[in-house]
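Here the structure is laid out as structure tokens; the discussion comes afterwards.
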Amino acid sequence: GAAAMATVPEVEIDADGTFKYILVRLQRPGGEERRDIVRGTKAAEFHNHIFEKVNPEMEKLGFECKCLGGGKIEHNSKDKKIRVFGLSTGYGKADHSVTVEILKKVYTDYEITWSDDKK
């Protein structure tokens, strides 16, 4: 049985630091239902490392994954601030405004900003 898309966490990012992130669209093959998720970690040296981890996990659940682009996230949990910026060389720049909207659903009491700055 295919898992419900709503059970997939919208955001999985490291609790602190600056790291690469990608915006991924999940879709049920042949279905209308879709969900955009944010994944980021310091463990990933390149953006595709994140996708290579997420993709098989989601395929197991019966979803197709498409990377919508990437960037960087600077997460300061002490000050409750998140900054989204930069881009992915391989996947292009994610729509950071979309990423911010998703982050706001999870980090409701944070100040979350984005820019097209490289650093």
For the range 52-69, give me each residue that is farther than 21 Å from Val106 by Cα and crowded, with 20+ Cβ neighbours inside 10 Å.
Phe63
Lys72 vs. criteria open to solvent by 20 Å² or more (accessible area, probe 1.4 Å), without any contact (Cβ under 8 Å) to a residue 40 or more places away in the chain and out of contact with any helix residue (DSSP H, G or I) (no Cβ under 9 Å at 6 or more places or on another chain)
no
Against the condition touching a strand residue (DSSP E or B) at 6+ places or on another chain (Cβ under 8 Å) and closer than 22 Å to Lys72 by Cβ, how does Ala6 come out, does it pass?
no
Log entry, pairs with first residue in the range 1-23 being at pLDDT 95 or above, second being acidic (Asp, Glu) and in a loop (DSSP other than H, G, I, E, B), beta carbons closer than 9 Å, six or more apart or on different chains, reads Lys20/Glu45; Leu23/Asp95
So how many residues does the range 36-52 have that are closer than 20 Å to Gly17 by Cα and without any contact (Cβ under 8 Å) to a residue 40 or more places away in the chain?
9
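Table: residues versus (1) open to solvent by less than 10 Å² (accessible area, probe 1.4 Å); (2) of a type in the set (D, E, K, R); (3) under 14 Å from Ile102 (Cβ atoms).
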| site | (1), (2), (3) |
| --- | --- |
| Val38 | yes, no, yes |
| Thr41 | no, no, no |
| His49 | no, no, no |
| Lys80 | no, yes, no |
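Kindly evaluate Thr113 against the criterion of being within 17 Å of Ile13 (Cβ to Cβ), out of contact with any Leu (no Cβ under 8 Å at 6 or more places or on another chain), outside any loop (DSSP other than H, G, I, E, B) and modelled with pLDDT of 95 or more.
On the way: within 17 Å of Ile13 (Cβ to Cβ): yes; out of contact with any Leu (no Cβ under 8 Å at 6 or more places or on another chain): yes; outside any loop (DSSP other than H, G, I, E, B): yes; modelled with pLDDT of 95 or more: yes.
Considered against the rule, which asks whether it is within 17 Å of Ile13 (Cβ to Cβ), out of contact with any Leu (no Cβ under 8 Å at 6 or more places or on another chain), outside any loop (DSSP other than H, G, I, E, B) and modelled with pLDDT of 95 or more, Thr113 comes out as yes.
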Filter the range 87-106 for residues that are open to solvent by less than 60 Å² (accessible area, probe 1.4 Å) and either in contact (Cβ under 8 Å) with a residue 40 or more places away in the chain or of a type in the set (Asp, Glu) (or both) and give the result.
Ser88, Ala94, Val98, Thr99, Ile102, Leu103
Filter the range 24-44 for residues that are at pLDDT 95 or above and farther than 22 Å from Lys105 by Cβ and give the result.
Lys42, Ala43, Ala44
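The values are calculated or read from the model by the stated rules, or taken from the named source; none is laboratory data. Since the structure is predicted, the reported quantities are computational estimates derived from the model, not experimental observations. Positions of Cβ are generated from backbone atoms using ideal geometry, with glycine treated the same way; all protein chains shown enter the neighbour counts. All accessible areas refer to the heavy atoms of the entire protein, side chains included, with ligands and DNA or RNA removed. Shrake-Rupley method; radii C 1.70, N 1.55, O 1.52, S 1.80 Å.
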